[in-house]
1. Kindly indicate the residue of region 17-30 that is out of contact with any Ser or Thr (no Cβ under 9 Å at 6 or more places or on another chain) and hydrophobic (A, V, I, L, M, F, W, C) and also nearest to residue 61 (Cα to Cα) among those meeting that condition.
2. Provide a single number: the residues in region 59-91 that are in a helix (DSSP H, G or I) and either of a type outside the set (A, V, I, L, M) or in contact with a strand residue (DSSP E or B) (Cβ under 9 Å, 6 or more places away or on another chain) (or both).
3. Can you name the residue in region 7-56 that is of a type in the set (Asp, Glu) and assigned to a helix (DSSP H, G or I) and is also nearest to residue 89 (Cα to Cα) among such residues?
4. Hey, does region 77-91 have a residue that's of a type in the set (A, V, I, L, M), surrounded by fewer than 18 Cβ atoms within 10 Å (Cβ to Cβ) and at pLDDT below 95?
5. Name the single residue that is farthest from the chain's Cα centre (by Cα) among those in region 40-69 being surrounded by 13 or more Cβ atoms within 10 Å (Cβ to Cβ) and acidic (Asp, Glu).
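The values are calculated or read from the model by the stated rules, or taken from the named source; none is laboratory data. Just so it is clear, the model here is predicted, and its values are computed rather than measured. Neighbour counts are summed over all protein chains in view; Cβ atoms, including those assigned to glycine, are modelled from backbone coordinates with ideal geometry.
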Amino acid sequence: MSADLIRLLNSIGKSVFVEYYEVFSNKSMSNEEKILKLPKERKITGSRTMITCANRIFEYGLEKEALKIIVNSRIEQESIDKARYLLRELS
């Protein structure tokens, strides 16, 4: 699932996954409600793709693995720090 997980993360964007982690992980929100929480400059189809990919990550219980991948990625430090924080919260 590792290659699939990386593909899902890349479809969302690693920084976006971390920044909107609380939205993506909220099982009580509908997909439409989640789309409204994402940045407005995104196209609706792009937002739907991100939501679908994020839902799949949580559905398969791969959020910790996703956060570990993000911690070891070359992205902005702020996103890496938040991913580390989220990992600690999940442990």
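1. 24
2. Matching residues across region 59-91 total 14.
3. Only one residue fits best here, namely 22.
4. yes
5. Among them, the one singled out is 65.
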